[in-house]
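Step one of this worksheet: look at the structure below.
The values are calculated or read from the model by the stated rules, or taken from the named source; none is laboratory data. Keep in mind that this is a model prediction, so the values were computed, not measured. Every residue, glycine among them, receives a Cβ derived from its backbone with ideal geometry; neighbour counts consider all protein chains shown. Surface areas here come from the heavy atoms of the whole protein model, side chains and all, with no ligands, DNA or RNA. Shrake-Rupley method; radii C 1.70, N 1.55, O 1.52, S 1.80 Å.
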Amino acid sequence: MRSVGVLLASVVTGCAAPRTGTAPVPARAQPAPSAAARESLHADVVYPAVTDVIQSHDSAFLFGSVRGASAGAGPASLTIDGRPVPLRANGAWIAWLPLPDDTLARFRLVAHSGPDSNVTLFAARVAPQYRPPADRAAWIDTTSFTPAGSLALPPGEGILLTVHAAPGASVRLQLPWGSSVPLVPDSLPVEPPRGVRAFSTDTAAFRLPHAAGRYMGWLPAAAMCADGRTACATLTVAVGGDGASARWPLTVNTLDLTFPTVVVLNDDTAHTGTTDSLTPGRAVPHGTYNWFFPTGTEATLSGRWNDQARLQLSRDAVAWVNADEVVPLSAGTPPPGGVVGSVRLSPGPKSVILRVPLPARLPFQVTEHDRALTLRIYGGASDINWMQYGGTDPLVRRMSYAQPASDEVTITVDLTRRVWGYRARYDGRDLLLEIRRPPEIAPDHPLRGRTIVLDPGHPPLGATGPTGLWEPVATLAVALKAKRLLEGAGATVFLTRTDSTPLELYPRTHFAEMHDADVLVSIHANALPDGVNPFTNNGTSVYYFHPRSAPLARALDRALVAELGVRDLGMGRGDYALVRPTWMPAALTEGLFIMLPDQEAMLGSEDGQRRYARGLARGIENFLRERAREP
Ligand SMILES: [Zn+2]
């Protein structure tokens, strides 16, 4: 799909964030071996780079290395703004520093080596914050209007408004037709930055001061500020005899659901042929993925907010999708829906296929349980008179259906084994749910005969360590070592990339599916988002997305912690493209933090790479053995 994987990965993960730009660290002038041409002593800053804008406001990390230290002069040292910063023998350092209340943070780095010393003045950009005027009692933070932009909703549907303005004020939104709605103070504490919530293990970081001057209100949708024909809404703030007002930058159009717009989903409107042909659906605009709709799925449009479109899946369910993946059908097209007919299973050598006849390409969702899959069809009413098993299949225990709402049907397939993988697609109007047969695993040689796909994370993107080690270089080296270990134990191993050529995310997961991988593991090295203390938040973590991959993630986490000997941050469920495939268990490992000098050194060394590789091989083997022993 259009860049969604990259987008989400870069928002959610540290290591996938374009921390130091999209290119590898350029070939810096490497010190020449001869003493005469030796690089002069200085402190190099790798992060933040000139293009980076620090997103936190109280503290930030800087990292880099001291270069050009004279060989015979004993250990070099570094201070930043007078504070000593520990240096590794290779010159690498990381520091956690307070930030000034400004958009420019200046640091004085002083490196010493024997008789030499060098001062580097370094300036980093910090994201601007709104500053209330000192000479006014009444003010409005005009950067804080939410929602802003263009919104389309059915008339009367409530819109939650939030804004930051002078504390203790009387705040109202004056509507173009003469009335107004009040905004009330929101007395709960400020929400910490998203990265802190997701990645800080220190809950003290969640405790922020109470929000002074946050207001919220409720606006029923009506045409406002639209197409230059209707007037706009104005926020007024009154406090202590002073007043301020500003136009709320929001356009509201109303959507007529009496004659609904029906749309078809197409994530490849440009016909590039390079998409995964799925449109992700989210419970909130730009939220995490909750549905995966194949191209051709039809639904009714029930709202829009800027570049996001809201689909009415059934009376009670809605999903937000990217508006540019939505193509309207001819006016007058009836909303998709109708009767779900009798279903049939067809057994095949590597899978069993459930065929569900539908009146249209209705939106659906597959939910996993340990030994069952449930297919929820939106906009359908069941007339499933027959559920045909087509012979006795060792994988299928029972089928059942239910009608949990007047326009939602569920079909559940109970299995005799734990779910290994599945995929769903449309064949004409029939929805096919293909359920994969688990591989036959020998408990004493769990890797023998297995197909493993290893994905060396990045490029594009990838984090960079203090001395310039680039994540994709380390992940490829680890993957090559793990491949040899797994092959030695009888597995067939494919790597999604074997050189430095950038490879997007979809070709990687497609590669794993084309090879019918039994297991997919994506290998990464971690970095943190701005504002998270790297000294208290680092270690090994492993991510999965679908429930059936949790045991794989746990086995990998345990094995990697044992091999690498760093802190166990635990496994997590994360919305990464490389763990979303449904055809096999998949996990993404963040074995070490490349931004920390010691862990960067491990990632760059033969021994560290071998340990990471051993953790991967043992984790995969332990997961397969556990599966082989299940009843
Ligand atoms: Zn990464």
Note to self: with every protein chain in place and a 1.4 Å probe, the range 297-400 gives an accessible area per residue in Å² of 45
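Order these peptides, 41-54, 297-310, by their mean beta-carbon neighbour count within 10 angstrom, highest first. Each step should come with its number before you reach the end.
Details: 41-54: 18.1, 297-310: 21.1.
Packing order, densest peptide first, comes out as 297-310, 41-54.
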Cα gyration tensor shape of the range 451-629, rounded if a/c is under 1.5, else prolate or oblate by comparing a/b with b/c: rounded
Treating the chain as a set of equal point scatterers at the Cα positions, no solvent, please give the Debye-formula log₁₀ I(q)/I(0) at q = 0.11 Å⁻¹. -1.20
Can you compute the helix-only [θ] at 222 nm over the chain? Use -39500 (n - 2.57) per DSSP H run of at least 4 residues, normalise by all residues, nearest 500 deg cm²/dmol. -4500 deg cm²/dmol
If I take every Cα pair under 8 Å that is 6 or more residues apart in the chain, average their sequence separation and divide by the length, what percent do I get for the relative contact order? 13
What percentage of the solvent-accessible surface of the range 265-328, computed with a 1.4 Å probe over protein heavy atoms, is contributed by carbon and sulfur atoms? 54
Let me make sure I get this right: for the range 128-197, a, b and c are the square roots of the gyration tensor eigenvalues over alpha carbons, sorted descending. Under 1.5 in a/c it's rounded, otherwise prolate if a/b > b/c, else oblate. Which is it? oblate
Euclidean distance between Cα centres, the range 547-584 to the range 279-309, Å: 28
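Please list 111-118, 123-130, 577-584, 545-552 highest first by mean number of surrounding beta-carbon atoms within 10 Å per residue.
Values: 111-118: 16.6, 123-130: 13.6, 577-584: 23.4, 545-552: 21.2.
The peptides rank, most packed first, as 577-584, 545-552, 111-118, 123-130.
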Give the carbon-plus-sulfur fraction of the accessible surface of the range 155-254 in %, rounded to a whole number; probe 1.4 Å, heavy atoms of protein chains only. 58
Rounded, prolate or oblate: pick one for the range 78-128, where a ≥ b ≥ c are the square roots of the eigenvalues of its C-alpha gyration tensor, a/c under 1.5 means rounded, and failing that, prolate if a/b is larger than b/c, else oblate. prolate
Hey, can you find the accessible area per residue of the range 155-254 for me, probe 1.4 Å, expressed in square angstrom? 52
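Which net charge results when you count Lys and Arg as +1 and Asp and Glu as -1 among the other residues whose beta-carbon is under 15 Å from that of residue 429?
Details: positive: 344, 355, 361, 425; negative: 298, 383, 427, 430.
Taking every other residue near residue 429 into account, the sum is 0.
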For the chain, the dipole about the Cα centre with charges only on Cβ (Lys and Arg +1, Asp and Glu -1), to the nearest 20 debye, works out at 920
Which percent of the accessible area of the range 342-481 is formed by carbon and sulfur heavy atoms (probe 1.4 angstrom)? 50
Rolling a 1.4 Å sphere over the protein heavy atoms, what is the accessible area per residue of the range 426-521, to the nearest Å²? 37
